[in-house]
Amino acid sequence: MGAAQSFRELCDRTKNTNVRLSLPAVCIVWQTAMIILFGVFIRYNEESDTHWVEYRKENNLSDIQNDFYFRYPSFQDVHVMIFVGFGFLMTFLQRYSFGAVGFNFLIAAFGLQWALLMQGWFHSLDYTDGKIKIGVENLINADFCVAGCLIAYGAVLGKVSPVQLLVLTLFGITLFAVEEYIILDLIHAKDAGGSMVIHTFGGYYGLSISWMLYRPNLDQSNRLQSSVYHSDVFAMIGTLFLWMFWPSFNSAITDHGDGQHRAAINTYLALASTVLTTVAVSSLFQKHGKLDMVHIQNSTLAGGVAVGTAAEFMLMPYGSLIVGFCCGIISTLGYIFLTPFMEKYLKIQDTCGIHNLHAMPGVIGGIVGAITAAAATESVYGAEGLRNTFDFEGEFADRSTSKQGGHQAAGLCVAICFGVGGGILVGFILRLPIWGDPADDNCFNDEPYWEATPPQDKMSPKSGTINSLNFSLHFVSLKMFCFTSIEHIIIFLNLIFFFFFVKTEFII
Amino acid sequence: MGAAQSFRELCDRTKNTNVRLSLPAVCIVWQTAMIILFGVFIRYNEESDTHWVEYRKENNLSDIQNDFYFRYPSFQDVHVMIFVGFGFLMTFLQRYSFGAVGFNFLIAAFGLQWALLMQGWFHSLDYTDGKIKIGVENLINADFCVAGCLIAYGAVLGKVSPVQLLVLTLFGITLFAVEEYIILDLIHAKDAGGSMVIHTFGGYYGLSISWMLYRPNLDQSNRLQSSVYHSDVFAMIGTLFLWMFWPSFNSAITDHGDGQHRAAINTYLALASTVLTTVAVSSLFQKHGKLDMVHIQNSTLAGGVAVGTAAEFMLMPYGSLIVGFCCGIISTLGYIFLTPFMEKYLKIQDTCGIHNLHAMPGVIGGIVGAITAAAATESVYGAEGLRNTFDFEGEFADRSTSKQGGHQAAGLCVAICFGVGGGILVGFILRLPIWGDPADDNCFNDEPYWEATPPQDKMSPKSGTINSLNFSLHFVSLKMFCFTSIEHIIIFLNLIFFFFFVKTEFII
Amino acid sequence: MGAAQSFRELCDRTKNTNVRLSLPAVCIVWQTAMIILFGVFIRYNEESDTHWVEYRKENNLSDIQNDFYFRYPSFQDVHVMIFVGFGFLMTFLQRYSFGAVGFNFLIAAFGLQWALLMQGWFHSLDYTDGKIKIGVENLINADFCVAGCLIAYGAVLGKVSPVQLLVLTLFGITLFAVEEYIILDLIHAKDAGGSMVIHTFGGYYGLSISWMLYRPNLDQSNRLQSSVYHSDVFAMIGTLFLWMFWPSFNSAITDHGDGQHRAAINTYLALASTVLTTVAVSSLFQKHGKLDMVHIQNSTLAGGVAVGTAAEFMLMPYGSLIVGFCCGIISTLGYIFLTPFMEKYLKIQDTCGIHNLHAMPGVIGGIVGAITAAAATESVYGAEGLRNTFDFEGEFADRSTSKQGGHQAAGLCVAICFGVGGGILVGFILRLPIWGDPADDNCFNDEPYWEATPPQDKMSPKSGTINSLNFSLHFVSLKMFCFTSIEHIIIFLNLIFFFFFVKTEFII
């Protein structure tokens, strides 16, 4: 740990939170790269192309059998979860609501483009013309992929700069796509709601980064690491939209028909059960039995995470209730005992408690999925139902359910490894003193990155109306921007080189 | 009234709001009971089971004809209404936002599980194997059933403990299921949007409970029974989501095809009309013509309630507008004149004014439904359309529309009787001095049941981060929990015995 | 300008914001007119009528092929955009949240009824019986039509009375319907997401009105023309719901199947791209690279506007990204440079900056649409696809794509002309000193039109509970209402006469 220690000291120089050049440069350059890569690679698939009318007639389909009508309502619900759900869930801090909802917005908007590319190369590449063909299912998968990075954001909320978040997202999406390919395609594990692929990976990815970015003097920001009355109500908007739409999340990319139907029912029930045990444990462990908003905002969602993998299986309604029951208890106990323990002894500062909401329930979900798969029988599923549910087709046609259970467990291990390993790697990069992160006494504060609305809610004139900008100043800054953006392009090229190196290494 | 008076005095002992043992005990025990009952009774139906693939082929259906695709978008909208709509609508009080949105969350999560069982026994029981087979329509109905109890919560908002709310919900769901069975199955009345079944019942159930729980000295909490600027804006979130998704509410379980289509159109129009008359009356009866947020938040929704029963009928677009027109006026006048009158002379303290938003419009809706049904003719509906719309099949094949009108009116009476009778009964139980409700000078306050965020929005550290819990203390409390939970199980068993008694009594 | 100047002086008398008679009168009378007109004109179409069951069998359709299932999920998303999206986007002002969300609610609820009539006469009139037949597509179009007026509201936010807004809406809807008929039917331009029809028209309509209502002394209200911390978070609710559901907006009325699918994908991508360039420009032009909430709240949406017309075309995923890329930059620069310039030199006070969010991106969208249409080839679209996408059927069967491009451009010009011309006309009417608009030093303030919750968030008793109204006073006011409503009916009849005059003039 000596080397790590000295590296840490090297990095802990005086902080400069000015991102005036780095943030625009990264945004513009990366977005330009997206446009070029989309131009080269991405096209509409046969269901979103104007040739659908011919395709439809050839395959004797009706317009309503376009995949759009099977998945679009679920897609919109997932979209709400990503942007409003995750965004508002993190607004609970008294002075970090802009950062919570705004940076969530930024990294999700970048992440989904990069995810369309990365997942497309692995899953939707048409080898006849080398193009990725996208439809509504790709959009859902891109949103899923982004969710992994937003979970990781929860661990470092308030302690990083937007540039760091974009870097976190770039690598997170890349790692996610590789990990997903290994788990779903190579190992052929099933993971409808992403307990392993999304939540376990995202959770450990974020926790490892937070461990790498450990701030011993974070208590200097203690005055801001708390909620106020209305910020807790805002956070409940996030909680409720996540809670309500989780059935759509877990059923969005499952099989047409019974698959989507069953996944929605299972998730609905698991979540209902979680609420009651969360309230029970929260009340039991507080003075005078008072409830804690932190638990209500977060632990009530754990059941949705934990039922993700098995949502499509014949988990049975009571099985879903049991999963939710346990997760509500475990997640709330995690907030009460584990989070302070991890901060004190493991040096992991987990702002939103993602270990309790995503990492642990994700692991439970993986285990539940493995057990449910191993216990699946033809008498319960029916011969054809079993084949459909586990996709025992092609090279996997003669896989047994017990073997499938083992592969599910293997998938869980891959997710944890990618999360921890990837997080340490990316955390190492994010410790470099070039990213503009805030000082220890200025964390959980919107002030460094947002035009100030004064904390006492005094008046601050809107820039749009009484803007007194100095034009000449802007031309100077534009020149500086052009100059330094070249510098950043070089850094960017290095990064691209680096992650292709990483990617190649993992695939081979 | 002498006996009632002395009973009241007996109950009005010094209040102890500590629910540290009762709340966890009720949550854990009831949730465990749910798991057992679900294990015994609840299974997937043929559309959410893996055997769907065989069922589909036998019946020559396409995947898109799974009921999931007909109803899931509406289900999600209803789900949003239940959790965000009702929850945020009640956040208008300045210091009861946690309780409004949090307890709403709790009782809805419990209620929907119990509703799946209760409604399942009456409607979805498969007599071949004694199991309840559930699909997406059951989930919608469970949400509907919960809505009745959330309406009742509106009347007692801020004056009861979470344990009382859970008891209110347990009995409310039970009564609802019986009442619904009588109205829809025995009387064979139609009630697509639940004007009678949900709103009339829920409204009078809540008002009766509030009457039983009358607090003569509630003015001691006057300082808190008002809104602040931002709490009114939060409440508008609830209003708008209820308003926007009401067409989904009224059309969620109507007939496939034209039934859902027509119900959505009728509700959309009735609600639009209500907004204008609400604004008109609100402005007319205030000094200087200023609008009152209470009216805008609540009365604008009355049209959706009142068009519920007739939404599926050929009410005609102008008919919907007329219903909305009248309800906007009546509901707003109710807030201005009737609510203060009821509090002063009838001793009914109705925090959210559910009499104006649900009870009265619900009764109007029942009457409108009866008239519209009685006036239905084959020339307007078409022979097959008439049969479809009113389900004149099986034993009801030769019912005339005028007779149907009479049965609609009978259904309305049943709803009122169940509401008032059930409410008095449950109110009696809730007066027992064991439930931990707040004192008269501490109503409308989150402080007794929630970890404090100080009213001046000062900083309060989050329990998760600087938690200094004493472990040994917890083991003591756990022991106490085990001990007293036995006590509560006994109470619970008595309750179960009691409501089965009530149920049997009402059915026979 | 001498005459205009003297007219202005004439109008600038002492302001009286009492709308106690005018607002109720307008609401009641107009709503009554709606009921009468709906009774005469509006009926259900064959998909929402009880005869659907016969129609379905005749045409060999399944229930799921009812248009309801193609469009209802998108309709609900659009509905959320109109009421929550637009409403909350405008809550950013510190003391105008009630007005933002409440008046938005009022004018949308009126506007959609009037839009059903106006658009019905032009598009859905059944000439066999003279009735307008409505279904879910009409509801979506009515919401679209309302959007134009809500955009215009953004320009005059905080400076007008509710009565003025209702007048603005009445004329706005009327102009919209005429303009839409000319662009879509006569010119046969395509405009799926309404870049031209909705955003360009609505933007210039609002800006022209704002120019007519120029207030030289508006700086007297400067103290209120700014945000506070939580009002900015509320506004982000609006932003995010608009952003997330914009794919539904642009795809709601496109062709079944690939049309809806492709429009959703294009919009999703354009919006993602916009976020990154908005952040880049916002950071680049602020001191220390801090982000401005005004830009994040508004400019991030510009890509959705600009991709509206071309959303249904084969714009290609990278094309959508490019459109979003440019619009994010242009819109943010607009907020920084153009809005202050317009206020200072052009005398256009644009509260929400609709020129940057709607007008400019709308024009860009029209141009992109024209170019994309002109560049369309049979090799990309396929013969049938080209015919489907551009509706080259009937009298337009032999139109070439290059000609279509020209007609798209012509459509854009019509939208601008109607916006500017209509806005000046309506602005002239709104300057009359009879509408109860606020004084220059009382703008951006809820106080004149809403029962006060004091700015310091002190307690204010709810009118519903401790209402001390004087009944006799009310009877007096009712009498006055009846009397003056006659006066207003006369004004109303004049208005009707006037707009029929306008309508006739424009059609002929």
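Counted by Cβ distance under 12 Å from residue B:244, the other residues give a net charge of -3, where Lys and Arg count +1 and Asp and Glu count -1.
Computed from the alpha carbon atoms alone, the convex hull of the stretch A:1-142 holds 185 Å³ per residue.
State the Cα centre-to-centre distance between the stretch B:292-369 and the stretch B:125-155 in whole Å. Answer, in whole Å: 25.
Remark: the stretch A:69-224 carries a charge dipole of roughly 540 debye about the Cα centre, counting +1 on each Lys and Arg Cβ and -1 on each Asp and Glu Cβ. The rotation axis bringing chain A onto chain C passes closest to the chain A residue reported with its distance as A:73, 3, by C-beta distance in whole Å. Note that the protein assembly as shown carries a Kirkwood radius of 32.6 Å, evaluated over its alpha carbons pair by pair.
Sequentially through the stretch A:290-305, phi angles give Karplus couplings (6.51, -1.76, 1.60; θ = phi - 60°) of 6, 7, 10, 4, 4, 5, 4, 5, 10, 5, 4, 8, 4, x, x, 5 Hz, Gly and Pro residues having no value and appearing as x. Put +1 on the Cβ of each Lys and Arg and -1 on the Cβ of each Asp and Glu in the protein assembly as shown; which of C:115, B:168, A:254 then has its Cα farthest toward the positive end of the dipole? Value computed over the given set: B:168. Taking the alpha-carbon centroid of each part, what is the distance from the stretch A:171-234 to the stretch B:235-281 in angstrom? So the two Cα centres are separated by 39 Å. The residue list B:90, B:272, C:204 was ranked by how far each Cα lies along the charge dipole of the protein assembly as shown toward its positive end, using unit charges on Cβ atoms, and B:90 comes out on top. Dipole magnitude for chain B: computed about the Cα centre from +1 point charges on Lys and Arg Cβ and -1 point charges on Asp and Glu Cβ, it is near 1540 debye. Along the stretch C:365-377 the Karplus relation, 6.51 cos²θ - 1.76 cosθ + 1.60 evaluated at θ = phi - 60°, assigns HN-Hα couplings of x, x, 5, 4, x, 5, 5, 4, 5, 5, 8, 5, 10 Hz to successive residues, with x for each Gly and Pro. Backbone amide hydrogens, once placed in the peptide plane, bring residue B:131 within less than 5 Å of B:126, excluding anything fewer than 5 places away on its chain. Listed values for the stretch C:230-247 are Karplus-derived 3J(HN,Hα) couplings in whole Hz (6.51 cos²θ - 1.76 cosθ + 1.60, θ = phi - 60°), namely 6, 5, 5, 5, 4, 4, 5, 4, x, 4, 5, 5, 5, 4, 5, 9, 4, x, and x replaces Gly and Pro.
Shortest first, residue C:375 label-point distances to identical copies amount to 5.8, 5.8 nm, with the label point at 7 Å from Cα along Cα→Cβ.
Size descriptors for the stretch C:209-268, from the alpha-carbon set: Rg then Dmax equal 18.9, 54 Å.
For the stretch C:347-431, the equivalent ellipsoid derived from the alpha-carbon gyration tensor has semi-axes of 35, 15, 9 Å in decreasing order.
Starting from the Cα gyration tensor of the stretch B:112-178, take the square roots of the eigenvalues, sort them a ≥ b ≥ c, and report rounded, prolate or oblate (rounded when a/c is under 1.5, otherwise prolate if a/b is larger than b/c, else oblate). Since a/c reaches 1.5 and a/b is larger than b/c, the shape of the stretch B:112-178 is classed as prolate. The dipole here belongs to the protein assembly as shown: it is taken about the Cα centre, uses +1 on the Cβ of Lys and Arg and -1 on the Cβ of Asp and Glu, and is about 4580 debye. Label positions at residue C:217 and residue B:395, each projected 7 Å from the Cα along the C-beta direction, are separated by 7.8 nm. Given 20 °C and 1.002 mPa s, how large is the Stokes-Einstein diffusion coefficient of the stretch B:179-335 in µm²/s, with Rh as the Kirkwood radius over Cα pairs? Diffusion coefficient, whole number: 127 µm²/s. Look at the stretch B:347-355: the mean tally of other chain Cβ atoms within 10 Å of its residues' Cβ atoms is 1. Under the shape rule built on the C-alpha gyration tensor, where the axes satisfy a ≥ b ≥ c, the stretch A:249-289 is prolate, since a/c reaches at least 1.5 and a/b is greater than b/c. Positive end of the dipole of the stretch C:279-381 (Cβ unit charges, origin at the Cα centre): among C:305, C:342, C:324, the Cα lying farthest that way belongs to C:342. Taking all Cα-Cα distances within the stretch A:320-391, those exceeding 18 Å account for 53%. A simple spin-label model places pseudo-atoms 7 Å from Cα toward Cβ; at residue C:440 and residue A:377 they are separated by 8.5 nm. Under a plain spin-label model, where a point goes 7 Å from the Cα along Cα-to-Cβ, how far apart in nm are residue C:32 and residue A:62? Rounded to a tenth, the inter-label distance reads 4.7 nm. Given a Förster distance of 60 Å, report the FRET efficiency between residue C:127 and residue C:16 from their Cβ-Cβ distance, rounded to the nearest 0.05. Computed FRET efficiency for residue C:127 and residue C:16 comes out at 0.80. Taking every DSSP bridge with both residues inside the protein assembly as shown, close to 55 percent are antiparallel.
Rounded to the nearest 0.05, the FRET efficiency derived from the C-beta distance between residue B:40 and residue A:186 at R0 = 51 Å is 0.80. For the Cα trace of the stretch B:242-336, dividing Rg by the Kirkwood Rh returns an Rg/Rh value of 1.04. At 4 °C and a viscosity of 1.567 mPa s, what translational diffusion coefficient does Stokes-Einstein give for chain C, taking Rh as the Kirkwood radius over Cα pairs? Give it in µm²/s as a whole number. Answer, rounded: 55 µm²/s. Here the translational diffusion coefficient of the stretch B:42-91 follows from Stokes-Einstein with Rh set to the Kirkwood radius across Cα pairs; for 37 °C and 0.692 mPa s it amounts to 253 µm²/s.
Coordinate-derived values only; no laboratory data. Every value quoted in this text rests on a predicted model; they were computed, and no experiment measured them. Here the Cβ is made from the backbone with ideal geometry for all residues, glycine too, and neighbour counts use every protein chain on show.
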